[in-house]
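Read the structure below first, then the notes.
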Amino acid sequence: MLFKKLYVLLAFIFFLPVKKVCAQNTFALPSSNEVIYHIFLRSFYDSNGDGHGDLKGLQSKLDYLQDLGITSILLTPINSSVYYHNYFSDDFEKIDAEFGTVQDYLDLVNDIHKHGMKIYLDMETQYVTEDHLWWKDSYNNLKSKYSDYILYDDSAHTKPSTIIYNLTGLTGYDNISGRITTVNLTSKNVLDYNIKLFTHFADPNNDGKFNDGADGFRLDHAMDNLDNKPQLTNLFATFWKPLITQLKQANPKLMIVAEQANWSDYGSDYLLNAGVDRVFAFNLQKAIASFDKQRLARVIDSTFSQTPSGKQQVFFIENHDMQRFASAVNKDERKLKVAAALNLLIGQVPSIYYGQELGMFGSGGFGKFNSTDGNDIPMREAFEWYKSDSGKGMAIWYKNTGGWWDSTNLKPNDRISLEEEIIDPNSLYNFYKTLLKLRKENTVLQSGTYQTFANNNDNVFSFLRSDKNETLIVVINLSADAQPMTFDFTRTKISTASQIMSIYEIGKKTISSLSTLSLQPYEVQIWKAQ
């Protein structure tokens, strides 16, 4: 059977009689069967042939996502904007016409819910462009009804304040330059507007049922002191928490996740003081990328210990603002599988960035292609549906527009496409699919405790996921060399193991000693204790 072939990818599965297992650092985790798929919509699937990924295109691929094992979708902003990434909006209430219509959005949400899935929207309302009504009406007009909506640096309202990094604007990948300014988040009018705006996207027809709207929101670049501006301090208390409180009063099931501005932070202040439900585990992302056992164990423990009861961390290895993990590990598929296992099996709420399951490549950053927002296009390229990297639905909206296209990571017949990987049982795609199936079928991976499990090898990381019914032991070689390792079984009564399956050996074996093992380079082992 196909699943048996895919299951072999998981290195080893042991069935063990266990009475007591020695472990340290036990953390009870909130139950979650969610797996988020983070989509840069413009690059996902194009339904009408204009090159831009759109809402109907995503709707047509819901079966693909569900078959992969996804339960929730996080969309980058869909609001109207002159910029391709749709951050810095010119109208928060309008949907970008290249993505579709309001009806397209409603149809997508309805279909997502019919699939038993959820949808989260990325929201950034802290900034507006010069084309926004608030800017146009309030500029040099003290009598404007929007006079306190924009942060001005002068009393005459002729100097709109800067944004992040003290920028006054941004040049797009298409060489269109625009001015951007900061919204006055201390304004009661702005707070009231945001409450209405978020509520509208959560309940578009305003009937109080919330079945036709978003199931939650991602708060981009949320800060207590926005961009360190002295005028915008104490925002957790005066803006974010009041906003979230009002949303939760309307619909307690709404899920709010914050992108903490400090990527070295564990986000506990957001969880405690801003009222959000989840934050992104940036420190864990960096620890996974290090392939350092001690750092990984330390960061996992710190992440869990600094997460308040009832709150959650979103575990990820990629997002739209950082290089693809495949670029970080130079396309080493063994490392990609290790990262996948850590991403999906440790606990909390895992997130997969579109194309991550294929090992898509991409690295950008400030200054790579001059001063333009096109610098980040390499991390946001078209999802690779076909081995030829061309065909129906390919969302190559950036074709022939600059250096990011001249050095595109889309390469025909490079084994990085869904068409190529779906038929290869050893592919990264099928590894993800197998892990997600394992996670779905073993509730211990959704709600079990996490425990670091000691072993004697500095290159081998191991941990337990346990509940009252079962225990899984995950063992991972973080190195490019074969590694012998010994568990600390001094307080256990483990005797034999059976039904061993491995990517290196296929078949059933029985061993009488479980204390010493030998792992192949970057091998992932999973033991199931009974």
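The values are calculated or read from the model by the stated rules, or taken from the named source; none is laboratory data. All values reported here derive from a predicted model rather than from experimental measurement. Cβ atoms come from the backbone with ideal geometry, glycine included; neighbour counts cover every protein chain shown. Side chains included, ligands, DNA and RNA excluded: accessible areas come from the protein's heavy atoms. Shrake-Rupley method; radii C 1.70, N 1.55, O 1.52, S 1.80 Å.
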### Message
Per 0.36 nm of contour for each residue apart, how much would the distance between Ser290 and Asp406 grow if the chain were fully extended, relative to their Cα-Cα spacing?
### Response
38.7 nm
## Note on the structure
Answer check: the range 226-303, Cα atoms, Kirkwood Rh, Rg/Rh ratio of 1.07
#### Entry: Environment charge of Leu151, counting only residues whose C-beta is closer than 12 Å and scoring Lys/Arg +1, Asp/Glu -1
-2
### Task
Compute the FRET efficiency between Ser31 and Lys188 as 1/(1 + (r/R0)^6), taking r as their Cβ-Cβ distance and R0 = 41 Å, and round to the nearest 0.05.
0.60
### Task
Return the FRET efficiency for the residue pair Asn140, Thr486: r is the Cβ-Cβ distance, R0 is 56 Å, and the value is rounded to the nearest 0.05.
0.15
## Note on the structure
Rounded to the nearest 5, the percent of DSSP beta bridges in the chain running antiparallel is 55
### Query
For the range 163-225, what is the Kirkwood estimate of the hydrodynamic radius, computed as the reciprocal of the mean inverse distance between distinct Cα atoms, to one decimal in Å?
14.5
### Task
For helix 293-305, report the angle its Cα long axis makes with the longest principal axis of the Cα atoms of the chain; keep it between 0 and 90° and round to the nearest 10°.
60
### Query
Given only helices, namely DSSP H runs of n ≥ 4 each adding -39500 (n - 2.57), what is the per-residue ellipticity at 222 nm of the chain, to the nearest 500 deg cm²/dmol?
-6500 deg cm²/dmol
## Note on the structure
accessible surface per residue for the chain, probe 1.4 Å, DNA/RNA/ligands not counted, whole Å² -> 40
### Summary
With +1 on the Cβ of every Lys and Arg and -1 on the Cβ of every Asp and Glu, the dipole magnitude of the range 68-207 about its Cα centre, in debye rounded to the nearest 20, is 360
### Summary
Dimensionless Rg/Rh of the range 380-471, both radii on Cα and Rh by Kirkwood, sits at 1.18
### Message
Given points 7 Å out from each Cα along the Cα-Cβ axis, report the His221 to Glu470 separation in nanometres with one decimal.
### Response
4.5
### Message
With a 1.4 Å probe and all protein chains left in place, how much of the accessible area of the chain comes from carbon and sulfur atoms, in whole percent?
### Response
48
### Task
Take peptides 235-243, 300-308, 40-48 and line them up by average Cβ neighbours within 10 Å, highest first, as a rough protection proxy.
40-48, 235-243, 300-308
### Message
What percentages make up the Cα-Cα pair-distance distribution of the chain when the bins are 10 Å wide from 0?
### Response
4, 18, 28, 26, 16, 7, 2, 0, 0
#### Entry: Quotient of Cα Rg and 2.2 N^0.38 Å for the range 259-390, N being how many residues it contains
1.12
### Message
If each residue of separation counts as 0.36 nm, what is the full-extension length gain between Asp332 and Lys392 once their alpha-carbon separation is subtracted?
### Response
18.7 nm
### Query
Against the longest principal axis of the chain, how steep is helix 102-114, in degrees 0 to 90 to the nearest 10, with axes from Cα atoms?
20
### Message
Cα atoms only: what Rg and Dmax, in Å, come out for the range 82-155?
### Response
16.3, 53
## Note on the structure
From the cross-link list Lys248/Lys335; Lys209/Lys440; Lys188/Lys311; Lys293/Lys440; Lys118/Lys143; Lys337/Lys411, the entries with a Cα-Cα span beyond 31 Å are Lys248/Lys335; Lys118/Lys143
### Query
What full-extension length gain, to one decimal in nm, is calculated for Phe366 and Lys440 as 0.36 nm per residue of separation minus the Cα-Cα distance?
22.7 nm
### Query
Taking every eigenvalue of the Cα gyration tensor of the range 168-301, multiplying by 5 and rooting it, what semi-axes result, largest first, whole Å?
28, 22, 17
### Query
So how far apart, in nm, are the two label points at Asn175 and Ser155 if each is 7 Å from Cα heading toward Cβ?
4.4
### Query
Taking Rh as the Kirkwood radius computed over C-alpha pairs, what is the Stokes-Einstein D of the range 300-454 at 20 °C in a medium of viscosity 1.002 mPa s, expressed in µm² per second?
125
### Query
In degrees, nearest 10, range 0 to 90: what is the angle between the Cα axis of helix 188-202 and the longest Cα principal axis of the chain?
50
### Task
Output the antiparallel fraction of DSSP beta bridges having both residues in the range 192-322, as a percent to the nearest 5.
0
